[in-house]
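Down below is the structure, laid out as C-alpha cells.
The values are calculated or read from the model by the stated rules, or taken from the named source; none is laboratory data. A quick note: this is a predicted structure, and the numbers were derived from the prediction, not measured. In this analysis, Cβ positions are derived from the backbone assuming ideal geometry, glycine residues included, and neighbour counts consider all displayed protein chains. Surface areas here come from the heavy atoms of the whole protein model, side chains and all, with no ligands, DNA or RNA. Shrake-Rupley method; radii C 1.70, N 1.55, O 1.52, S 1.80 Å.
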Protein chains: 2
Amino acid sequence: MKEFDVIVVGGGHAGIEAANAAARMGKRTLLLTMLVEQIGAPSCNPAIGGLAKGHLVKEIDALGGLMALATDNAGIQFRVLNENRGPAVRGSRAQIDMDRYRIWMRTALLNTPNLEMAQEIVDEILVKNGKVVGVKTNLLNEYKTKTLILTTGTFMRGLMHFGPVKLEGGRFHELPAKKISKSLENLGFKLERLKTGTTARIDARSIDFSKMDLQPGDENPKPFSFRTDKNTFNPEQLPCYITYTNETTHDIIKSNFHRAPLFTGQIEGIGPRYCPSIEDKLNKFPDKERHHVFVEPQTKEATEYYLNGLSTSLPMDVQDAFIHSIPGLENAKIVRYGYAIEYDFIQPTNLKHSLETKEIEGLFFAGQINGTTGYEEAAAQGIMAGINAALKVEGKEPVIFRRDQAYIGVLIDDLVTKGTNEPYRMFTSRSEYRLLLREDNAILRLADYGYELGLLDKQTYGRVLKLREEIEKGLKILNSTFVTPNKEVNAKLESLGEEKIQNKMEIRKIAGRHTFNKEKLLEMFPEFKEFSDEALEQILIEARYHHYIERQKAQVDKMKEMLSVKIPEDFEYRGIPGLSREIVEKLEKYRPTTLFQASEISGVTPAAIDILHMYINMRRKK
Amino acid sequence: MKEFDVIVVGGGHAGIEAANAAARMGKRTLLLTMLVEQIGAPSCNPAIGGLAKGHLVKEIDALGGLMALATDNAGIQFRVLNENRGPAVRGSRAQIDMDRYRIWMRTALLNTPNLEMAQEIVDEILVKNGKVVGVKTNLLNEYKTKTLILTTGTFMRGLMHFGPVKLEGGRFHELPAKKISKSLENLGFKLERLKTGTTARIDARSIDFSKMDLQPGDENPKPFSFRTDKNTFNPEQLPCYITYTNETTHDIIKSNFHRAPLFTGQIEGIGPRYCPSIEDKLNKFPDKERHHVFVEPQTKEATEYYLNGLSTSLPMDVQDAFIHSIPGLENAKIVRYGYAIEYDFIQPTNLKHSLETKEIEGLFFAGQINGTTGYEEAAAQGIMAGINAALKVEGKEPVIFRRDQAYIGVLIDDLVTKGTNEPYRMFTSRSEYRLLLREDNAILRLADYGYELGLLDKQTYGRVLKLREEIEKGLKILNSTFVTPNKEVNAKLESLGEEKIQNKMEIRKIAGRHTFNKEKLLEMFPEFKEFSDEALEQILIEARYHHYIERQKAQVDKMKEMLSVKIPEDFEYRGIPGLSREIVEKLEKYRPTTLFQASEISGVTPAAIDILHMYINMRRKK
Ligand SMILES: Cc1cc2nc3c(=O)[nH]c(=O)nc-3n(C[C@H](O)[C@H](O)[C@H](O)COP(=O)(O)OP(=O)(O)OC[C@H]3O[C@@H](n4cnc5c(N)ncnc54)[C@H](O)[C@@H]3O)c2cc1C
Ligand SMILES: Cc1cc2nc3c(=O)[nH]c(=O)nc-3n(C[C@H](O)[C@H](O)[C@H](O)COP(=O)(O)OP(=O)(O)OC[C@H]3O[C@@H](n4cnc5c(N)ncnc54)[C@H](O)[C@@H]3O)c2cc1C
C-alpha cells in the first residue's frame, strides 16, 4: 500500500494550497481529486480578490502560496477597489481567464516536488484509535497517511436546484461526493447543510454592450504577488461592463416568488448573506429600485460572460425573462443557467486553531467544508491546513496566526471559536486591527513564516528583508529628524501648496498630512530619493496613520495577554456560574494550562473562555 | 418554446462538426451538451489523424469542417506516417495539446453565426407522426426542432470498468446519459452494447525518458488544413518517446487474466479489434515477445504522458505492476488509471446513407453512437449529418458520397449497408479505390461540395480552382508532349542518374518512373518551373500511378452503373429466390425506382440488393 505523510482530498482552491504547502515543506503528499482538468476551477465568478479577499490572497502569497501567482498569470483585468479610500480597506481584484487559471494551477502542482496526484474519489476515511491512518477511494485503492486534509468544497451530497429541477452533483454536471459524507457521520461528525448559488452565463454575441457602462481595468495594473516582477507586468486587459436591473426585472422576479426554490421550502440550507441571490435581494430589500449587474468575461476569448449580481435558482423560463428585461441583455442567450447548490458542511467549532479536528488526530478540514464561501477564504484555510499537517508530521507545534497578525488569523479564529450558521465570508470589518492588517504590508507581516517554513524562496525573502530595513530607516528619519519653522522650510512648504508650520516638529508630522504624498516628500526631504517605491508607500502610510496604528498595537498587546493567561494549576471550575456541567467536566479532564488551550477543547465555547478569564482575574486579585 | 432548424446533442467530435456545418449553412442551430468545458475533449489519446484517419480529417477540411484547423492550432507534433510508401497509404498525424484543442473548438463554436449552445442533457426525444419535433432536457426545457442529430459518443448508459470496480459515466468521472437510451428504446430502436478502453496517464516527472527512443516530429511539419498558411506554419513541437513491453510485463498481465474484466465476463460489449487492450493483445498473440508503447505528451506543458498501446481495464495493482516493468516506467506514477467503457450504440443499418434514421424522419445519428470508434470517424459522420440535416430543412436532397469519392463515403456506406458488431474504424484497406482517394487530393475531390454548401470560403475555393487548373495544364503537357531518344535527351537523363530511353514516349512515362522526382522534372522540363509545389506533387503522382488510377476509374464507372440501375416499374419481386417475405413486402410497398433507393429501405440487406441486381439484369437480357 502506498504511504504518504499528507493526503489532500479535493483539487479546489483549498486543496491546491494545502497540497502545495505540504509538499513544498518536504512531506510526501498525495492530492486526490475528481477531475484533474477541473483543478482550480472557479465554480462561480471568474475573479480573484476583492475587498478583504485581496488581503487574504496577499497573505497566502506572503506565505509562499500559489493563488496570487496564478492570478497574475491568468488575469485579464486588474483593479484596486476603494483606491481612493484608506489603505486598510483597499482591495485588489482581478478578472481571470478560467481556462488559463486551471491550466496554470494544474501545471504548477504537477511540477511540485514531493507531490503526487491521482484522479480518484475518496469514499472512506480510515481511522484507528482516534487517529487518521488512510483513505479508501472509489477505485477501491487504499492509501496510508499520517495526516489527511479534506477540502471537498460544495461536493459532499451536493444537490443543485434549477427551479423545480433537482440534480445531484458538486457543480453543474459534475459528480457529487456521497460516500464520504456517510464516512464522516460514522466517525461521529454531525453534517449540516449550507447553500450557495450562481448566475447564468451568457453567449457574448447576444449582449448589446453599447447599452452598458464600461468598466476598464486599472491603467497601471499591479500584480498580486510580491514574486511577480512589477516592471515587466503588463497583462492584456479586457473590459467588464455594468448594467442594472429595473422595475420590470423586479416585477418578473417577484411575481415568480412562489416558484423560487428558495421560498418554496425546496432549499433547506442557508445561503450566503452577503452574496445573496437576486430573488433574495428583492425579498429583503423590496424597495430598492435597481441592482448592479457586473458583466464579466470568463476567458480571454470572451465568448461567455458572467452576470455578477444575478445569482439565482429561479425556473429557467423566469431566468430567461428577467435577464431579457435588463438593458443590453434584451436578446441574451443563456449558455448555462444559474442554480443554487446545497452541500454538507461541518461546524468549524469541531476544529482547533490549527484546523485539525479536535476529535480525530491528524484529520484536518479546510475550505467550504468548514462553512465558508469564497475562493480566497478556501485557499487561506488550505495553506494553513497544509502547513499544519506538515508540521504535525514533523512533531512540531502548529502555526496559528493571531487576529492581529493576519486576516487568516481572524478567519480561522472566527470559525473555530464561533462556528457559523451561514456561509462565512471575509470582510475588513471582521478585523479589530484593520490598520495593522493591510494588503500592502501582508508580505512584511508574514514573509518570516513563509521563509521559515520553507515555502518562500530565499531571494524573495531577501527582498523582503531589504524592504523592511529601508522602511525602518525611513521611519527613523521621520521620527528623529526635526524641522524648524524657518523661512526656507516654510517657503518650500508653500511652494508645494502645503500649510506652513509654526512649531518645531518631526518630519513624520508633515509627511503624515493627508495632503502630503510621495512627490512632495522627495521634493522636501531629498534624503528619501534613494528609497524604493514600496518603502516610501509604507513610510507614508505609517506616518499618516501613526496614532491609529499605535492605538491598535496597544489593543493587540492586551489581547495577547488575555490569550496567554495562565490557568492556575489548582483552579476550581466547579461552582462557576455560567459554565455547563459538560464544560466543567471537559476542563477537569484535560486541565488546560492557558486560556488558549482551554479554547481548543471541543465544546468549550468562547463565552466560557470569557467567563474563565474573568474568574481567573478575580482570583488573582484576591 | 424556442424553435430551431437543427438541434445537435453532444459536443464531441461528431457534434462539433454537425453543429458547425448546419449553422454555417444558415440553419438556426442549437448544440446541447453536458459540459461546455469538455467540448472537443479527446477521450482517449491526445492525437488527431493517422493512417486512413488523416484522410478523413482532410476530407472534413475540404468540406469546410473544423477538425483540421483545430489540429493545426493545437498541434504539438506533426508527422506524416508511411512517408516513404505510396501516396495512397500515407497518413498525417498530429499530437495535440488537449487543453488548447478544447479551447479552440469551444471558441470556434461560440463564434459561429446561427449557432447557440446550452449546457443541458437531453433526456427525451419528442416525435410526432413519425417525425422528430423536439427534445426535452434534464432542466425540463423543451426545444422544438425540425431535425435532430444525436452524437452521444460513449455516454449512453456508459459503464466503466477499472478491474473489479464498475462506475457509471460517459468518461472517467463524467456523468452518463441514461434517460435518452430509454427514450430511444421507446421509439423502437434496439440498443446494443460496445466497449472501448484507454490507458493510464503518467506523471511526467516519474518517467525516465533516457531509457526510451526519441520520436521527434517532422522537420518540416505540414499543416492539416488547406486553409492554414503553409508558409507561416511553424508549430513548437514536442517529442514523443517509444518503449516496449517485455517478458516480465507479459507475465504479470497473463498471470492476472483471471482478474481481467474482459475475460471474467464482467464486460459484455465487444471491443475494437484494431485498438485492443494490452490484455487482449497478449491473449490473441501469446507468442509476440514485445509490444510498442508510444509515450505521448497530453499538453504543451507536458506534465502528463499518455501510454499509447497500453489500453487496459486490469485492476489497479496490476496496472501499477505491469507499467513498472517497462523500461523508463520503473517509477511511473499513475495520475489516472486506464479503464474500459461499455456504452449503447445503434446498428447503423437503421440509417439511410444521409445518416437520417429510416424510421423517424428528421432524426440523424452520427459518431460513436453508430458503432464507430475514433475522433476522425466521428467527425466525418458529424459533418455529413450536419450537412444533410440542413439540406433536409431546405427540402433538398442529401449529399451522399460514393465509395469512389471519399473515405467518408466508404465509411458511411460500410456502416449503413453492413452494420457492425464491433467498433468500426477506418483503414485504407477498406477502400476499393485507394489510389483515387488520397490525402493529398482530398481538397481537389471535395472542395466543390464544401463551396457549394456554403461551408468553404470563396478565397479558399479560388485557390483550389487555380490548383486544379495548374494540374490539368501539367497533365496535358505530360500526356501530349513527346520526348525522342536523341543525344541531348539521353545525355540529360544520364546526368540525372536516369536510364536512357530507346523509343519516343510521352513525358508522362519518364516523369512516372519511381526514380523520378520534382527536382529532376524541373531540370529536364523547365516548363514546369512556373508550377506550384502542390500542383507538381499531384502531377508526379498522377504520372507514376497512371495505370492504376485509370483502372480504378474504370471500376468506379461500373459501380456507379450498378447503383443507378433502374428497377422496371412492373418488376415482380414475388418468387425471386433468396428474398424474404418481409423484404418483398417492403419493396412492394415503397416501389423504389433504383437499386440505390431500394438499399435505403430499412430491412433491405446488401445481399438482397445483389440478388435484385442479378434478376434485373437477367430480365433485361430476356
Ligand atoms: C454554484 C456555486 C456558486 C457559488 N457562488 C459563490 C459566490 O457567489 N461567492 C463566493 O464567494 N463563492 C461562491 N461559491 C463558492 C466557491 O466556489 C467556493 O467557496 C470555493 O470554490 C471553495 O473552495 P474549496 O477548495 O473549498 O472547494 P471547491 O472549489 O468546491 O473544490 C472541491 C474539490 O474537491 C473535489 N472533491 C470533492 N469531494 C471529493 C472526494 N470525495 N474525493 C475527491 N475529490 C473530491 C472536487 O472535485 C473539487 O475539485 C460558489 C460555489 C458554487 C458551486
Ligand atoms: C475510455 C475511452 C477510450 C477510447 N479509446 C479509443 C481508442 O483507443 N481509439 C479510438 O479511436 N477511439 C477511442 N475512443 C473513442 C473516441 O473517444 C470516440 O470515438 C470519439 O470521441 C467519438 O466522438 P463522438 O463525438 O461520437 O462522441 P464523444 O466524443 O464521446 O462526445 C459525446 C458528447 O456528447 C455529450 N452527450 C452525451 N449524451 C448527451 C446527452 N444526452 N445530452 C447532452 N449531451 C450529451 C457528451 O457530454 C460529449 O460531449 C475512446 C473513448 C473512451 C471514452
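Please work out the Cα center distance from the stretch A:171-205 to the stretch B:216-252, rounded to the nearest Å. Here the answer is 41 Å between Cα centres. Taking the centroid of alpha carbons for each part, the stretch A:564-622 and the stretch B:547-584 are 98 Å apart.
When the convex hull of the C-alpha atoms of the stretch A:528-582 is computed, what volume per residue in Å³ does it have?
Working: hull volume 8.7 nm³, N = 55.
Taking the convex hull of the Cα positions in the stretch A:528-582, it is 159 Å³ per residue.
A:GLN555 sits among other residues whose Cβ lies under 14 Å from its own Cβ, and their net charge, with Lys and Arg +1 and Asp and Glu -1, is +2. For A:LYS230, inter-copy separations between label points set 7 Å beyond Cα along the Cβ vector come to 5.2 nm, shortest first. In the stretch A:123-163, burial by the other protein chains removes 40 Å² or more of accessible area from A:ASN138, A:LEU139, compared with the chain on its own (1.4 Å probe, ligands and nucleic acids ignored). In the full protein context, chain B carries 40 Å² of accessible surface per residue, based on a 1.4 Å probe and ignoring ligands, DNA and RNA. With Cα atoms as the point set, the protein assembly as shown shows a radius of gyration and Dmax of 35.6, 131 Å. Projecting the alpha carbon convex hull of the stretch A:422-538 along each direction and taking the average yields 10.2 nm². Beta bridges assigned by DSSP with both partners in the protein assembly as shown are antiparallel in approximately 70 percent of cases.
Thinking of the stretch A:201-339 as a set of Cα atoms, what percent of all their pairs are more than 21 Å apart?
On the way: 4601 of 9591 pairs.
It works out to 48 percent of all Cα pairs.
Whenever you get a sec, line up A:ASP344, A:ASP123 from highest to lowest accessible area (probe 1.4 Å, protein heavy atoms).
Values: A:ASP344 5, A:ASP123 30 Å².
Largest to smallest exposure gives the sequence A:ASP123, A:ASP344.
If each label sits 7 angstrom from Cα along the C-beta direction, how far apart, in nm, is A:ASP208 from its counterparts in the other copies? Between copies, matching label points for A:ASP208 lie 6.7 nm apart. The Cα center of the stretch A:81-160 and the Cα center of the stretch B:444-516 differ in position by 62 Å. Judged by the mean number of other Cβ atoms found within 10 Å, the most tightly packed of the peptides B:437-446, B:535-544 leads the ranking B:437-446, B:535-544. Sequence-distant contacts, meaning Cα pairs under 8 Å at least 6 residues apart, place the relative contact order of the stretch A:231-340 at 34 percent.
Taking the chain by itself as reference, the stretch B:298-333 contains these residues with an accessible-area loss of 30 Å² or more in the full protein complex (1.4 Å probe, heavy atoms): B:GLU301, B:THR303, B:MET316, B:LYS333.
Here the sum of -39500 (n - 2.57) over DSSP H runs of 4 or more residues, divided by the residues of chain B, equals -11000 deg cm²/dmol at 222 nm, to the nearest 500. Accessible-area rank, largest first, for A:GLU361, A:GLU582: A:GLU582, A:GLU361, with all protein chains present and a 1.4 angstrom probe. Ascending distances from the B:LYS2 label point to its copies in the other chains, with the point 7 Å along the Cα-to-beta-carbon line: 4.2 nm. Only alpha carbons enter this Debye calculation for the stretch B:565-621, each as an equal point scatterer, and the log10 of I(q)/I(0) it gives at q = 0.12 Å⁻¹ is -0.21. Counting only residues at least eight positions apart within a chain, or on another chain, the aspartates and glutamates with an alpha carbon under 18 Å from that of B:LYS476 are B:GLU506, B:GLU527, B:GLU530, B:ASP533, B:GLU534, B:GLU537, B:GLU542, B:GLU550. Quick check on chain B: of the DSSP beta bridges with both residues there, what percent are antiparallel, nearest 5%? For chain B, the DSSP antiparallel bridge percentage is about 70. Residues of the stretch A:196-215 that lose at least 10 Å² of accessible area (1.4 Å probe, protein heavy atoms only) when the other protein chains are present, relative to their chain alone, are A:ASP203, A:ARG205.
In the P(r) worked out for the stretch A:346-422, what percent of Cα pairs fall beyond 19 Å?
On the way: 737 of 2926 pairs.
Of the Cα pairs, 25 percent sit more than 19 Å apart.
Taking a straight line from the alpha carbon of B:LYS254, these lysines sit under 20 Å away, with near neighbours fewer than eight places off in the same chain left out: B:LYS281, B:LYS284, B:LYS288. Remark: the stretch B:201-339 carries a charge dipole of roughly 340 debye about the Cα centre, counting +1 on each Lys and Arg Cβ and -1 on each Asp and Glu Cβ. Taking the alpha carbon gyration tensor of chain A, multiplying each eigenvalue by 5 and rooting it gives semi-axes of 39, 35, 25 Å, largest first.
Applying 1/(1 + (r/R0)^6) with r as the Cβ-Cβ distance of A:PHE427 and B:ASN231 and R0 = 56 angstrom yields a FRET efficiency of 0.45.
Shape verdict for the stretch A:138-292, please, from the Cα gyration tensor: rounded (a/c under 1.5), prolate (a/b greater than b/c) or oblate. Let's see the in-between values first.
Details: a/c = 2.44, a/b = 1.19, b/c = 2.05.
Oblate, since a/c reaches 1.5 and b/c is not below a/b.
Within the full protein context, the accessible area of A:PHE285 is estimated at about 120 Å² for a probe radius of 1.4 Å. Take the accessible area of chain B alone and of chain A alone, subtract that of the pair, and you get about 4300 Å² summed over both chains, using a 1.4 Å probe. Only protein heavy atoms count here; under a 1.4 Å probe, A:TYR451 has an accessible surface of about 70 Å². Pairs exceeding 31 Å between alpha-carbon atoms, taken from B:LYS179/B:LYS560; A:LYS182/B:LYS195; B:LYS58/B:LYS392: B:LYS179/B:LYS560; A:LYS182/B:LYS195.
For A:LYS128, the solvent-accessible surface with a 1.4 Å probe is about 140 Å², rounded to the nearest 10.
Of all the accessible heavy-atom surface of chain A, with the other protein chains kept in place and a 1.4 Å probe, what percent is carbon and sulfur? Of the solvent-accessible surface of chain A, carbon and sulfur hold 49 percent.
Assuming R0 = 60 Å, what is the FRET efficiency of A:PHE596 and A:THR248, from their Cβ-Cβ distance, to the nearest 0.05? After rounding to 0.05, the efficiency reads 0.60.
Taking the DSSP beta bridges in the stretch A:1-152 as the whole, what percent of them are antiparallel, to the nearest 5? Percentage antiparallel, nearest 5: 55.
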